[in-house]
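Written out below as structure tokens is the structure these notes cover.
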There are 2 protein chains.
Amino acid sequence: MQDIADLAGVSIATVSRVLNQPEKVKPETRRKVQRILEQTNFVANAVARGLVVNSMKTIGILTVDVRDLYFSKVIYTLERQFTEYGYNVLLSNTGGEVGEKKKYLRVMLEKQVDGLILVGSVFKEPTGNKHILEAGHSIPVVLINSYLEGENIYSVVCDDAHGVKQAVNYLVAQGRKDIYYFTDTKSASGLAKVDGFVAAMREHGLNERNIIEVSRNLDGGVKGVQQLLAEKRKVSAVICGEDITAIGAMKALTASGLKIPGDVGVIGYNNSILAETASPALTSVDNLAAAMARQAVELLVNRLQGKEVSRKIVLSPTLVIREST
Amino acid sequence: MQDIADLAGVSIATVSRVLNQPEKVKPETRRKVQRILEQTNFVANAVARGLVVNSMKTIGILTVDVRDLYFSKVIYTLERQFTEYGYNVLLSNTGGEVGEKKKYLRVMLEKQVDGLILVGSVFKEPTGNKHILEAGHSIPVVLINSYLEGENIYSVVCDDAHGVKQAVNYLVAQGRKDIYYFTDTKSASGLAKVDGFVAAMREHGLNERNIIEVSRNLDGGVKGVQQLLAEKRKVSAVICGEDITAIGAMKALTASGLKIPGDVGVIGYNNSILAETASPALTSVDNLAAAMARQAVELLVNRLQGKEVSRKIVLSPTLVIREST
DNA sequence: CTATCTAATGTAAGCGTTTACAAAATTGTT
DNA sequence: AACAATTTTGTAAACGCTTACATTAGATAG
């Protein structure tokens, strides 16, 4: 910058001003400096700037795994929106491991991120969340699809219980009664869904214990169905906590000669691309990845600007009906 | 850090040393300082450090869209591998727009990234690549699945022509002759695939002009098949440049009463989760997302350590055979 | 015990900016 | 033309670290 200043015959302060507050410098000198900036292809050093102004205009994103269809949707919108507001994002994949999460949190704090967004990185074991709360002592953090009480901790969540309820209601309205729910047990949001299922089944006077624990993948769905059939259960519908599980379930159902949606209806969760491409196309609960991300960004940016923001934002999912029901 | 130094009764330089080169400080004082670091929850400022050592230990990743199944696989591995080497990644989604790409490149340079990785962000119009070459003047950049000639520009690519050839060969070996290729025209790697198709068909003495331009989505595949059927063409196989297109093609084929793989075989590209979950499960060319990413990281890290590295690395895709053929 | 060498620590300059504050230039008023 | 008010520019001190170099402490040898 000193070189630019010399070339333009001004002081370094003036160069800094044309870069940051051009209106404060006389149009004539401003143009002169700008011309030189162009000619020399000058690129300002944001690190030095960050040191002075105490902000790197960067947000840290902690996620379990970007390859997850839902997470990648969320992260996409997060990134786009943040750059809209002049922030960049530092991305990490914790793989769901507390140790990794801790390490990432540390280096993100060291790298002076202005805020943190956790997408699917809050775990049930409370010990794993200690570091999140600690991070809150220095910068705001917003959780997507989780809730935690603490200084500087904000949440935007999807009412998953309600989502599953809608699915149950819809199936019941179709006259189906033997409805099963395939859950994976790991995540915090998984619990809310189960709650929704139990509540809805109870309301309709149906068996609220029709819950099968499966792993969160294709095979989980297959195994779940096989278990049901092996036990000679009557089943007229299955709701899955994940689209991929639902696809597996459909595979297994079809393989055993059952017709979808004729014999059994299937509903997934997340409304991912898998739901669209499945055949029959899968009815699925849309938990609004993009909308959640947008709210999170809005929340964090407002917070960073010192505005008053609410501790928790809840969005309601919608049921997207396709061929599988 | 000065506070820590005062508390420990040492100089600020000593504190810096226990942080960065612990072996250089006497075990006794080292422990004393470390204890205080712990007690006070000290977090070093990596921005200040970065300013001095002239490296933020950060890599910029430019991608078109993280939601893309292939890209997200690549990005996942990139991120994991880079943190293995002590780097973090700054992520961006250009949406395939040259303007966005230019803006991102700029701020990444300003933020002093140590290197750049472009995944699927090199376009055919040469004007759009000017800024990549410019970036190469200050830091190393590695392209995934693209090739560009220039200072500091490296590539790791997948031999897509060979990938499509394998697909053709396999179909021909099954006795299929009326093989069509569905291409999307936008990307640079799309061209290589078409070349591979043309070459392979020619080798087998088949019609190398069986190429249909379709959009890169479900509907593209549907439309492509509809066009073929409307033209009363005989078709015994279709290869698609993308899994999603192949899924669309299968939908349309099944809808018109054709059996897969009996009447027509279908092959996709990328071996994404869509291929696994499709029914029938889709045969697909695996272009090795993880392997490519690993090579890219290796390349860039070596380059940053001043080692000699090769300008271009080529990996060979493999054909993953499933039910659709 | 002194001289020499090595290990451990400290001092201070510098990394590339921003920004109070001071100084100089310009404008407007009388 | 002199002065005040205002705009524009410059000077220099931070920002929180690292590191070359200087200094001191400790070890080894004669």
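Go through region B:53-75 and give me each residue that's open to solvent by 40 Å² or more (accessible area, probe 1.4 Å) and within 10 Å of chain A (Cβ to nearest Cβ).
B:Asn54, B:Lys57, B:Arg67, B:Lys73
Look through region B:231-259, keep the residues that are open to solvent by 20 Å² or more (accessible area, probe 1.4 Å) and aliphatic (A, V, I, L, M), and return whichever of them is nearest to B:Gly163 (Cα to Cα).
Checked region B:231-259; the qualifying residue nearest to B:Gly163 (Cα to Cα) is B:Ile244.
For A:Thr63, indicate whether it is at pLDDT 95 or above, within 13 Å of DNA strand D (Cβ to nearest atom) and among the β-branched types (Val, Ile, Thr).
no
Please tell me if A:Val10 is within 15 Å of DNA strand D (Cβ to nearest atom), under 26 Å from B:Lys102 (Cα atoms), not assigned by TED's automatic domain parsing to the domain that holds A:Ala296 and not basic (Lys, Arg).
no
Can you find, within region A:131-175, the residue that is surrounded by the most Cβ atoms within 10 Å (Cβ to Cβ) among those that are among the hydroxyl-bearing types (Ser, Thr, Tyr) and farther than 21 Å from A:Asp114 by Cβ?
Looking at residues that are among the hydroxyl-bearing types (Ser, Thr, Tyr) and farther than 21 Å from A:Asp114 by Cβ, I get A:Tyr170.
Just checking, does region A:35-48 include any residue being open to solvent by 70 Å² or more (accessible area, probe 1.4 Å), basic (Lys, Arg) and within 30 Å of A:Ala289 (Cβ to Cβ)?
Just the residues of region A:35-48 that are open to solvent by 70 Å² or more (accessible area, probe 1.4 Å), to begin with: A:35, A:38-39, A:41.
Narrowing further to those that are basic (Lys, Arg): A:35.
If we keep only those that are within 30 Å of A:Ala289 (Cβ to Cβ) too, we end up with none.
Within region A:35-48 (the criterion being open to solvent by 70 Å² or more (accessible area, probe 1.4 Å), basic (Lys, Arg) and within 30 Å of A:Ala289 (Cβ to Cβ)), the answer is no, since none of the residues qualifies.
Can you find, within region B:176-193, the residue that is surrounded by the most Cβ atoms within 10 Å (Cβ to Cβ) among those that are modelled with pLDDT under 95 and among the hydrophobic types (A, V, I, L, M, F, W, C)?
Once the filter is applied, the top-ranked residue is B:Ala192.
Can you list the helices (runs of 4 or more DSSP H) found entirely within region B:1-85 that contain at least 3 residues being over 40 Å from the mean Cα position of the chain (by Cα)?
Here the list reads B:2-8, B:12-20, B:27-40.
Among the residues of region B:290-309, which ones are open to solvent by 60 Å² or more (accessible area, probe 1.4 Å) and in a loop (DSSP other than H, G, I, E, B)?
Answer for region B:290-309, where residues must be open to solvent by 60 Å² or more (accessible area, probe 1.4 Å) and in a loop (DSSP other than H, G, I, E, B): B:Gln305, B:Gly306, B:Lys307, B:Glu308.
Restricting attention to region A:12-25, and to residues there that are open to solvent by 40 Å² or more (accessible area, probe 1.4 Å) and more than 8 Å from DNA strand C (Cβ to nearest atom), which single residue is nearest to the other protein chains (Cβ to nearest Cβ)?
Looking at the filtered set, the residue picked out is A:Pro22.
Among the residues of region B:86-110, how many are in contact with a Leu (Cβ under 7 Å, 6 or more places away or on another chain) and not in a helix (DSSP H, G or I)?
The qualifying residues number 6.
Looking only at region B:260-270, filter to residues that are open to solvent by less than 10 Å² (accessible area, probe 1.4 Å) and within 14 Å of chain A (Cβ to nearest Cβ); which one of those is farthest from B:Asn207 (Cα to Cα)?
Top of the filtered list is B:Gly268.
Under the condition of being more than 9 Å from every other protein chain (Cβ to nearest Cβ) and farther than 14 Å from B:Gly115 by Cβ, which residue from region B:79-102 is most open to solvent (accessible area, probe 1.4 Å)?
Filtering region B:79-102 for residues that are more than 9 Å from every other protein chain (Cβ to nearest Cβ) and farther than 14 Å from B:Gly115 by Cβ, the one most open to solvent (accessible area, probe 1.4 Å) comes out as B:Glu84.
Could you tell me whether any residue of region B:36-46 is within 13 Å of DNA strand C (Cβ to nearest atom) and within 14 Å of chain A (Cβ to nearest Cβ)?
Within region B:36-46, one or more residues are within 13 Å of DNA strand C (Cβ to nearest atom) and within 14 Å of chain A (Cβ to nearest Cβ).
The values are calculated or read from the model by the stated rules, or taken from the named source; none is laboratory data. Keep in mind that what you see is a predicted model, and the values were worked out from it rather than measured. Note that we place each Cβ from the backbone using ideal geometry, even for glycine, and neighbour counts take in every protein chain shown. Calculation scope for accessible area: heavy atoms of the full protein, side chains included, ligands and nucleic acids excluded. Shrake-Rupley method; radii C 1.70, N 1.55, O 1.52, S 1.80 Å.
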